[in-house]
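Asks: If you scroll down you'll find the structure; I have some questions about it.
What follows draws every value from the coordinates through simple rules; no lab data is involved. This is a predicted model, so every value here is computed, not measured. Don't worry about glycine lacking a Cβ; one is built from the backbone with ideal geometry, like all the others, and counts go over all protein chains shown.
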Amino acid sequence: MIGKRTAQDPLFIPGSLRDMIPDDYILKQVDAVLDLRWVREEVAACYDPFGGRPSIPPECALRLMLAGFFLNIVHDRKLLREAQVNLAIRWFAGYALDEALPEHSSLTRIRQRWGAERFKAIFRRTVRACIDAGLVSGETVHLDATLIRADVSWESVAADYAAQTLAENVAPEEPSPPPARARRPKAKKRSASDPDATLATSSKDYHLEPSYKQLTAVDDQAGVILDVEVTTGETSEGTRLPEQLERVADALGHDPAVITADTAYAHGTNYAACEARGIDAVIPPRREARRRYERLPARRFRYDPRRDCLTCPAGHLLSYASTTERGGRVYRAPVAACRGCPLRARCLPPSAHTRQITLFPGTEALLRARRRHERGWDDDARIAYRRHRWRAEGVHGEAKTQHGLRRAVRRGLDNVAIQAYLTAAVLNLKRLARHWAAVLRNIRWPWTRHRPLWSLMPLLRRLYGYICHAFTPALPRAA
């Protein structure tokens, strides 16, 4: 029982860094499917070809960022400290043992120089690689939103009195009559250190926090992220559905057959947009708002598009009266018709003289969705919405618990968008690496009976990855 003898450190280490990393390590599996040779040409416009000091190779800088998100190290200072002792990060980024790593502030300057659009192009390349590998069906797409806590403290959150006061005290060009007495709107609270972050919450039982909101589109087959958008926390995800469908169709090359989303997307305009594109929207509608005295809801009034009027259950016509600020069309019944109507007690409160109904754009599509939900969804719709719960929400949970998306690392909308694009690219690369690793495991190689040739498997896997990338069409360059 003799312990390990201490000896002098070896001057030369036989082999390469790649041989010291296990084959099942995530960075080694991703390296077999990752091709970043196009990055230099993509970001060439951000550098001066005739002056300045030699820059960090763009591929090495991007590999360092990706390695940090793979290992849940989202802060640059901590990432470079870990890369000093982590052989896998050095090898993945292309740095030898005797090479000096860049300063952590260099990664910040690179992100600022490249901009959010180039990182979006990087994410779109991972989507294209997953589509070419057969990981995307494009039939069912799940849409969901999640909040990202802003990197600010509560001490920086204050009411936005200054901006409101300046807006109210602008000198008018021409004298105008004094406005009518109105209720002064409540001042919003914002963070002085990050004005782009707004207060929001994902539950009425939880307090508001300065946050950003990420809108995500996930394919049903393997959980590949097709689209990512970052907005302020107070932005309603339901208002962004038409633009999100455009980006999903651009990534797939066609419209999906089915989309699923929660009740936050249950707007009439969204149902109408899906019907216009021939998409089956599996979105549970919200409960119809009904007052205590209203026993005759708005859905009991039939709309005639040719005459542009409504017909109440008693047979009276409600004609167009006005338009609201939100684009709703107000229809009002004659006072004489409501005065002697036998359904007045069930339709109006005692103090009202006439019944009026406001129809917003997409109301007909919303009513059809409500009738479909009341009759009961078919088996395909129920299965699709059941898969939405763990496909879309599972992607957000994975990004927050394993890749640092629970809290914003930097401040500003563009910086948070870059973090979201890199996280989505990492999730897609994980699925792509897992797919090709499973393909290689299932291939029955003719030389597997010979033990000495097993040492060639890592080389063959890497060669297979290069061949796949050589025949993979590239996305067009970002403008």
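Asks: THR201 to ARG339: extension gain in nm, 0.36 nm per residue of separation minus the Cα-Cα distance? Spell out each step's value before the answer.
Replies: Working: separation 138, 0.36 × 138 = 49.68 nm, distance 4.56 nm.
This chain segment gains 45.1 nm when fully extended.
Asks: In what order do TYR421, TYR25 fall by count of nearby beta-carbon atoms within 10 Å, going from fewest to most? Present the calculation step by step, with values, prior to reporting the outcome.
Replies: Details: TYR421 23, TYR25 14.
If I rank by nearby Cβ atoms, fewest first, I get TYR25, TYR421.
Asks: Could you check the spin-label model distance between ASP380 and THR239? Points 7 Å from the Cα along Cα→Cβ, value in nm.
Replies: So the two model labels end up 3.4 nm from each other.
Asks: A further question on this structure: What is the sum of charges around GLY253, taking Lys and Arg as +1, Asp and Glu as -1, for the other residues whose C-beta is under 15 Å from the C-beta of GLY253?
Replies: Combined, the nearby Lys, Arg, Asp and Glu give -3.
Asks: What number comes out for the charge environment of TYR385, summing +1 per Lys or Arg and -1 per Asp or Glu over other residues with Cβ under 14 Å away? List each step's numbers first, then the result.
Replies: Values: positive: ARG372, ARG382, ARG386, ARG387, ARG389, ARG391; negative: ASP144, ASP220, ASP262, ASP280, ASP378, ASP379, ASP380, GLU393.
Net charge in that neighbourhood comes out at -2.
Asks: Simple spin-label model, 7 Å along Cα-to-Cβ: GLU325 to SER193 in nm?
Replies: In this crude label model, GLU325 to SER193 measures out at 3.4 nm.
Asks: Moving on. If each residue of separation counts as 0.36 nm, what is the full-extension length gain between ARG302 and HIS254 once their alpha-carbon separation is subtracted? Show your work: numbers first, answer last.
Replies: Working: separation 48, 0.36 × 48 = 17.28 nm, distance 3.53 nm.
That pair, ARG302 and HIS254, stretches by 13.8 nm at full extension.
Asks: With a 10 Å radius around each residue's Cβ, average the other Cβ atoms per peptide and rank 425-433, 144-152, 199-207, highest first. Please list the in-between numbers first.
Replies: On the way: 425-433: 23.1, 144-152: 21.3, 199-207: 10.6.
Per-residue Cβ counts within 10 Å, averaged per peptide and sorted highest first, yield 425-433, 144-152, 199-207.
Asks: Moving on. If you average the C-alpha positions of segment 222-274 and of segment 61-88 separately, how far apart do those two centres end up, in angstrom?
Replies: 33 Å
Asks: Going through the cross-link list LYS213/LYS430; LYS28/LYS213; LYS120/LYS213; LYS120/LYS430; LYS120/LYS189; LYS78/LYS189, which pairs have a Cα-Cα distance over 25 Å in this structure?
Replies: Result: LYS28/LYS213; LYS120/LYS189; LYS78/LYS189 exceed 25 Å.
Asks: Computed FRET efficiency, Cβ-Cβ of ASP48 and GLU393, R0 45 Å: what is it to the nearest 0.05? Mind showing how you got there, number by number?
Replies: Working: r = 45 Å, r/R0 = 1.01.
Once the sixth-power term is evaluated, E becomes 0.50.
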